[in-house]
Amino acid sequence: MISKNRFINEINEKFFCINFHVQNVGMDTLHYYYLDESELRRIQDVIRSGVFLLQTCNRVELYIHGDKARDKAKILLKYIGDLHHGKLKLNDTVIREGIEAIKHLFYVASGVDSIAVGEYEILNQIKCAIASAKKIGTTDRYLEKLVDRSLKVGRVARTKTNISKGKVGIYSLALEKIKEVVENINSVEILILGAGEIGSKMSELLYKEGVKNVTIMNRTESKAVELAQKYGYKGIKLDLSKIKDYDVAISAISGIREKLN
């Protein structure tokens, strides 16, 4: 049987996490750190170890498992910097090792590390992220087990504490803020910028709230129309000059300030 000290040492040597978070890199630049599927495949080819990518509206996190994980984390960080042509502030990167990396994922799954503390959306985001990693073959059984345990920890945290009591999802908070600002949400014209994950969630939430006057604007017009038709809304092609025509605009796309300047 492996001793406790040896077990902990092995975890500390083989697990690493690279974190880019809005608190460190800023909301305005986080989109520079996003990685697509092809980039993740190339990263896995470079380090030849299991890699799990979790990226949401406020984080990009890479979990690594394998021999010499510390060295591979450094190689990976440099590679990501080269991949994005020096646009990244790598000095602001948070690197967590071993037990600390594992604890961090548990905190994330529990909603402790969310903008809206205790929100539920992160659990589904983690599930989708590990499913994607399995599909493209970048993960390994140790990372899959870690993610499975983190989801269980997240569910237990919400069952045994009040962390998720009330409307704590970031989408619900956005809706509550709109209702604070406008007297009657059905008397204003609402624009959703983007038809991706955030735009889809906001569209669904507004529909369930009974809101009628919603337009979805997206780079690919067909995607905006497809999403809009689900809820009886209007879908149009991205044109930021039209924002002034709406009373409320919900941004679900990255780099919006740069686009408006």
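Things to note:
- Expressed as a whole percent, the accessible area of the chain that falls on carbon and sulfur atoms is 50 (1.4 Å probe).
- For segment 165-239 and segment 120-156, distance of Cα centres in Å: 28 Å
- Highest average packing first - 235-241, 61-67, 113-119, Cβ atoms within 10 Å: 61-67, 113-119, 235-241
- Extending 7 Å from the Cα toward the beta-carbon at both Asp28 and Lys4 defines two label points whose distance is 4.9 nm.
- For segment 11-62, trypsin sites (Lys or Arg not before Pro) meeting the loop criterion (DSSP other than H, G, I, E, B) and having at most 15 other Cβ atoms within 10 Å: Arg48.
- Spin-label pair Thr220-Lys177: with each label point 7 Å from Cα along the Cα-Cβ axis, the two points sit 2.8 nm from one another.
- 0 to 90° range, to nearest 10: angle between helix 99-110 axis and the chain longest Cα axis: 30 degrees
- Pairs of Cα atoms nearer than 8 Å and 6+ residues apart set the relative contact order; for the chain it is 17 percent.
- Within the chain, the percentage of alpha carbon pairs spaced more than 25 angstrom apart rounds to 51%.
- Straight-distance candidates among the lysines for linking to Lys78, with alpha-carbon spacing under 24 Å and chain neighbours fewer than 8 residues away dropped: Lys14, Lys68, Lys87, Lys89.
- The residues of segment 141-225 expose, per residue, 56 Å² of accessible area to a 1.4 Å probe.
- Just checking the listed ones, Leu30, Leu173, Leu53: in the Gaussian network model of the chain with Cα springs under 10 Å, the one fluctuating most is Leu173.
The values are calculated or read from the model by the stated rules, or taken from the named source; none is laboratory data. Because the structure is a prediction, the values reported are computed rather than measured. Virtual Cβ from ideal backbone geometry, glycine too; neighbours counted across all protein chains shown. The protein model used for the area step is the full one, side chains on, heavy atoms only, and it has no ligands, DNA or RNA in it. Shrake-Rupley method; radii C 1.70, N 1.55, O 1.52, S 1.80 Å.
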